[in-house]
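Just so it is clear, none of the values below were taken in a lab; they were calculated from the coordinates. Since the model is a prediction, treat every value here as computed from it, not as a measurement. Because the Cβ atoms are built from the backbone with ideal geometry, glycine has one as well, and the counts that use them run over all protein chains shown.
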Amino acid sequence: MSNYTENELSKDLENQEYKFGFTSNIQSDKAPKGLNEDIIRFISAKKEEPEWLLKFRLNAFEIWKKMIEPEWAHVHYEKPDFQDIIYYAAPKQTKKYESWDDVDPEMKETMAKLGISLEEQKRLTGVAVDFVMDSVSVATSFKAKLKELGIIFCSFSEAVQDYPELVKEHMGTVVPSSDNFYAALNSAVFTDGSFCYIPKGVKCPMELSTYFRINEANTGQFERTLVVADEGSYVSYLEGCTAPQRDENQLHAAVVELVAKKNAEIKYSTVQNWYPGDKDGKGGIFNFVTKRGICEENSKISWTQVETGSAVTWKYPSCILKGDNSIGEFYSVAVTNNFQQADTGTKMIHLGKNTKSTIISKGISAGKSHNSYRGLVQIHKGADNARNFSQCDSLLMTDECGAHTFPYIECKNSSAKIEHEATTSKIGEDQIFYCLQRGISEEKAIGLIVNGYCKEVLNQLPMEFAVEAQKLLTISLEGSVG
Amino acid sequence: MSKSDKSSIHFTNHLEKTSISVDQALQNEALATLKYASLPTTRDEAWKYTRVAKINKIEFKNEQSSLEDIQKFIIDSNAITLVFVNGHYSDKLSNRETVDGLTIESLSNKSNAVTSSLPQNDEIFNSINTLFLNDGVEINIEKNSTIEKTIQILHILDGVDMMSNFKTIIKAGDFSKASVIQGFFATENCSNSFANVTTEVKVGINAFLTIDKLQYENESSYHINSEFVDQGKDSTFTINTVTLNGMLVRNNLNIEVNGENCTSNLNGAYLLKNRQHVDNHTIVDHKVPNCNSNEMYKGVIDDNSTAVFNGKVFVRKDAQKINAFQSNGNVLLTDDASINSKPELEIYADDVKCSHGSTTGQLDEDAVFYLRARGLSEKSARKLLVSAFVQEVFDQIENETFMAYVERCLAERFSWIS
Amino acid sequence: MVTIKNLHASIDGKEILKGLNLEVKAGEIHAIMGPNGAGKSTLASVLAGKEDYEITEGSVDFDGADLLDMDTEERAREGLFLAFQYPVEIPGVSNINFLRTAINEKREHKGEDAISAKDFMALVREKSALVELDAKLASRSVNEGFSGGEKKRNEIFQMAMLEPKLSILDETDSGLDIDALRIVANGVNTLKSDTNATIVITHYQRLLDYIIPDYVHVLYDGKIVKTGPKELALELEEKGYDWIKAELAQ
């Protein structure tokens, strides 16, 4: 698996020269505020997109205009004004801090605790723009290796230029523009994202991480990701990082589409630590993501995610188990603290025969936060011998937080085997006191307990990510018991 | 329960009022119920899935029996045994032994009046049990005594249209430890009979009491069993209910946990075939903090049989730090078999750990095929899987002698391979 | 080893300990008995450092150090062990992992190296045999799914592993049958040495047939009102706590 660590990355950085990689021919680098057909054309033109993609965007925009923003019973937030957002800004503009001194000391401390090296910290906070990796320099060694195997891993924009047929064939097939409000919005104005293609029979030898994407480290506002694993292939894809992601852009509406062809396997892991805003929850990120995978015969898609932070999260990774014998898995730890609200869950749609799905969802609520899990297991008429196992656990760390579970099981086939378990428990002062009385400090005790609780999910993450995720969980729950 | 101007209960018309000394106030309450009530119908929530109307079609009687050979009903040949036929105590068939710290007496031999903690008002079967009580047994385990020998109570129905009203009273003194077997049987000559049984238990402070109960009457018999248990602090109470026969069996188990640091274990296994109906209603009422309860009931339902499970766990407002687990698993072997399962948790405290689960399914056909591919016949394969399913409950039963007898019943009635 | 002088403690504004005095020397076993609400569990919690309680007056000297000045985990690392009346479950954290962390925290505190895996496993085998704790239970999550008796035995197992100077057993016997009681008592007796001491808090005399105390104290209304040899426990069981009440009234 991946051996290239950030230490090696920094060494590379030291040894290379950097060029500013962005040149643009168009006068303005920012679109005016607002969303209309002209803005969309502007975006498409800036990115030099082919006609078919412009049509795709415009079509999505038409659909979006007819939709109404959804209401969610358990999530309350101030609705973003869609006309008050800038939908395109050149990458250069997203430098956020003038100097290292301007960066929030708390954020610096967190990153240090997470074991992130200083150079990496600077890169992640966007301080030194000149540290942005250049496509020719650092990522070269990776690209070479991947190229040998025929694996394509690049930005979405690049893929549109270099591999239009592949993109056209699969884009929108898993998450159609009409799917939901945010998917439609994203389809109209998406900025960039990742594209990955694994050819037939190839097992990708390393974890593909967005670290290695050549664009800036900040997650785009309207990201679009497409991963296609051709017949018999395997890929493990990592997204996000444990460093707190700060952004002035409050609204994030991403779309992730995964296509697993016959006998293929995609493992998609996300570790996300959104900056939650201030202690009163103001200024936090609204994170609305539509993630879905489609499984052909004998294929498998696993979603693993560890999320903390955002003020409002709305996220339902799902699997369409179209092919016979296909498998869908979902492992998740969602932590909410202070005033955060999470409404997350998954959808497993069983269409083919002998399909199997596993859902393990662990919610941890602290402060005054609310964590809701919504899971849908849908067994269609022709889905003979479907099997599902769902386990939704909630861990409450204070008296004022809440956890809610809404499992929906829709079964139209009598040969199905569906199992659902839900437990709710509390880390009380009693458990902490017990550990203290055995000589274990409170911080260590919370770490032990929370990691024990999330073990099943953390075990699904690739090793390095798992270690970071563990640290992240402990830090995000510091001082939260009681 | 519907009330009418006059009683519509006539199945007790030929029964004689009890000759046991029963508390007068209790009898009055029971009389009042009998006077106005009628049998529960499916419109009564507690009897929603269990039809008892047919009971009224039989005019039951109660007669002493001359039964002599009860060898096959003896579950534990080394136990202190009391035998009751049609509810009447038989000294001849019993095997009594004096043991330090233990007093066992049939109710007919006691002078002080029998009382009851079971509700009479609106409860027709409890009231009938009170008014027509044939006999019963009172078991007293003295404070600080550990009774090594098992105490065995056997209740046998013999004859046609027989009804027996029978009561067991167990008082486990503080710091005592004892184990009781209750066996319910019917002879080959028995048909259309009815055992209406009540059991009342008081578990003292830091006492340990286990009841292993086997219901093995026949396919034309009714069996209604109401149990009330009062647990004192620091005590551990276990009750294992194995139901392998009976046309209509209804168990009402009610455990009131009145002291802190108690453990309550309820295990049940029910295997049905032909046209049987078994209904298990349980209540665990946690009134005080720091207690645990574990409930596991599993059923295998074949042919045209039906089963009902309704488990209620109450955790009252001040009952903090309760660990309560409840699970009910069912396997349906045919398309005509059915189960109605309703696990209920009513929690009023906020620092508790409770879970409940209910599963219903068929046998795993892949597993059946696998076993057949290894040479087992289809029948054997299915039996093996069924026994594996129920084994989880049997693993909880510590009394090996009891389990050995149960296994013989399983072999006899279901041709199980051990 | 430990000297408690005039200890006053309250919770939620209500005073529970009202001037408690107690001295326990190394090598001794002291039993504390008393009616419900007298303050037995409060004493245990206060000595362990539970923050819910407010110390309004008094001092506790633990081998020359001021116990009340230390945090809970510090007291533990200095050698104070509490066998809880209601041991807590910690799902997901294995007994082994938990103990290893505790042992290493103590070692770090003393400037020692962490225990090696080999030594640790040897220690586990030795001590679990002492309390007849099934090896399987040792690797399960802390107290999860343990029966009442197993939880209490697990407390003694932890005590054996941590080798404390002063152990406080808070109603370790309640809810146990005779066999379990014997095992627990045997464990405690085997661990007794000249350099450690034990305070046994119990409501019933039963346990003291197996763990023979050097002194029996009666805790009544927040104070130790009577101290005597082991026979005092039998007298108390026979005559009940009303007898003490009457004696005090005189």
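For chain C, the pair-distance distribution built from all alpha carbon pairs, in bins 5 Å wide starting at 0, is 1, 6, 13, 17, 19, 17, 13, 8, 3, 1, 0, 0, 0 percent. From least to most packed, judged by other beta carbons within 10 angstrom and beginning with the fewest, C:His109, A:His350, A:His170 follow the order C:His109, A:His170, A:His350. Amide H contacts of B:Ser341: B:Phe309, each under 5 Å away and 5 or more positions distant or on a separate chain (H built 1.01 Å from N in the peptide plane; Pro and chain starts excluded). For a quick check, take a GNM of chain B with Cα springs below 10 Å and name the residue from B:Thr168, B:Thr98, B:Thr241 with the largest mean-square fluctuation. With Cα springs under 10 Å in chain B, the top fluctuation among B:Thr168, B:Thr98, B:Thr241 is at B:Thr98. Rounded to the nearest whole angstrom, the semi-axes of the ellipsoid equivalent to the range A:132-476, taken from the Cα gyration tensor as √(5λ), stand at 32, 25, 19, largest first.
Residue pairs exceeding 27 angstrom between C-alpha atoms, taken from A:Lys65/A:Lys168; A:Lys356/B:Lys273; B:Lys233/C:Lys245; C:Lys50/C:Lys118: A:Lys356/B:Lys273; C:Lys50/C:Lys118. For the range B:179-252, the set of GluC sites (Glu not before Pro) satisfying both a DSSP loop assignment and a count of at most 10 other C-beta atoms within 10 Å is given as B:Glu188. The fewest-to-most ranking of A:Phe195, C:Phe146, C:Phe81, A:Phe42 by surrounding Cβ atoms within 10 Å reads A:Phe42, C:Phe146, C:Phe81, A:Phe195. The residue among B:Leu157, B:Asn112, B:Val257 whose Cα reaches farthest toward the positive pole of the charge dipole of the range B:24-259, with charges on the beta-carbon of Lys, Arg, Asp and Glu, is B:Val257.
Considering the range C:144-250 at the alpha-carbon level, its Rg and Dmax are found to be 15.0, 50 Å.
As a quick test, which of the pairs B:Lys177/C:Lys25; B:Lys17/B:Lys110; B:Lys171/C:Lys18; A:Lys267/A:Lys455; B:Lys353/C:Lys136 have an alpha carbon distance above 29 angstrom in this structure?
Pairs exceeding the cut-off: B:Lys177/C:Lys25; B:Lys171/C:Lys18.
Cross-link reach is defined here as a Cα-Cα straight distance under 17 Å, omitting same-chain residues fewer than 8 places apart; for B:Lys312 the aspartates and glutamates meeting it are B:Asp44, B:Glu45, B:Glu227, B:Asp230, B:Glu256, B:Asp279, B:Asp285, B:Glu295, B:Glu344, B:Glu346.
According to the Kirkwood relation over distinct C-alpha pairs, the hydrodynamic radius of the range B:363-418 is 12.1 Å. Applying both filters, DSSP loop and at most 12 other Cβ atoms within 10 Å, to the trypsin sites (Lys or Arg not before Pro) of the range C:22-87 gives C:Lys25. For chain C, averaging the sequence separation of C-alpha pairs within contact (under 8 Å, six or more residues apart) and dividing by the residue count gives a relative contact order of 28 percent.
Sequentially through the range B:345-362, phi angles give Karplus couplings (6.51, -1.76, 1.60; θ = phi - 60°) of 10, 10, 10, 10, 9, 10, 10, 9, 10, 10, 8, 9, x, 9, 10, 9, x, 9 Hz, Gly and Pro residues having no value and appearing as x.
The ranking of A:Arg224, C:Arg140, B:Arg374, B:Arg275 by Cβ neighbour count inside 10 Å, starting from the fewest, reads B:Arg374, B:Arg275, C:Arg140, A:Arg224. Phi-derived couplings, Karplus 6.51 cos²θ - 1.76 cosθ + 1.60 at θ = phi - 60°, listed residue by residue for the range A:175-187: 10, x, 4, 7, 4, 7, 3, 6, 5, 5, 4, 4, 4 Hz, with x used for Gly and Pro.
Over chain B, DSSP H runs of length four or greater, each weighted -39,500 (n - 2.57), average out per residue to a 222 nm ellipticity of -4500 deg cm²/dmol. The convex hull of the Cα atoms of chain B, projected and averaged over all directions, covers 20.1 nm².
Considering every alpha-carbon pair of the range B:294-418, the percent of pairs per 5 Å bin, from zero through the bin containing the longest distance, is 2, 9, 16, 17, 17, 14, 10, 6, 4, 2, 1, 0. Positive-end ranking of B:Ile205, C:Ile244, B:Tyr36 along the dipole of the protein assembly as shown, with charges on Cβ about the Cα centre, is headed by B:Tyr36. Residues whose amide H falls under 5 Å from that of B:Asn330, counting only those 5 or more places apart or on a different chain, are B:Gly299, B:Thr359, B:Thr360, B:Gly361, with hydrogens built in the peptide plane. Spatially, the range C:1-63 and the range B:201-270 are offset by 42 Å when compared through their Cα centroids.
For the protein assembly as shown, rounded, prolate or oblate, judged on the Cα gyration tensor with a ≥ b ≥ c (square roots of eigenvalues), a/c < 1.5 rounded, else prolate if a/b > b/c?
Taking the square roots of the gyration eigenvalues as a ≥ b ≥ c, the protein assembly as shown is oblate.
Among beta bridges from DSSP that stay inside the protein assembly as shown, the antiparallel ones total about 15%.
Relative to the Cα centre, the charge distribution of the protein assembly as shown, modelled as +1 at Lys and Arg Cβ and -1 at Asp and Glu Cβ, gives a dipole magnitude of about 2600 debye.
Pick out, in residue order, every one of the trypsin sites (Lys or Arg not before Pro) in the range A:401-434 that is DSSP loop and has at most 15 other C-beta atoms within 10 Å; say none if there are none.
A:Lys412
Over 19 Å apart at the Cα level, from the set A:Lys362/A:Lys426; A:Lys261/A:Lys353; A:Lys353/A:Lys381, is no pair at all. Along the range A:355-360 the Karplus relation, 6.51 cos²θ - 1.76 cosθ + 1.60 evaluated at θ = phi - 60°, assigns HN-Hα couplings of 8, 9, 9, 10, 10, 10 Hz to successive residues, with x for each Gly and Pro.
Label the range B:24-259 by shape, choosing from rounded, prolate and oblate, from the square roots a ≥ b ≥ c of the eigenvalues of the Cα gyration tensor; if a/c is under 1.5 it is rounded, and otherwise prolate applies when a/b is larger than b/c, oblate when it is not.
Details: a/c = 1.68, a/b = 1.23, b/c = 1.36.
In terms of gyration-tensor shape, oblate.
Distant-in-sequence amide contacts of A:Gly150, defined by a placed amide H-H separation under 5 Å and a gap of 5 or more residues or a different chain, comprise nothing. Taking every alpha-carbon pair under 8 Å whose residues sit at least 6 apart, the range B:53-119 reaches a relative contact order of 22 percent.
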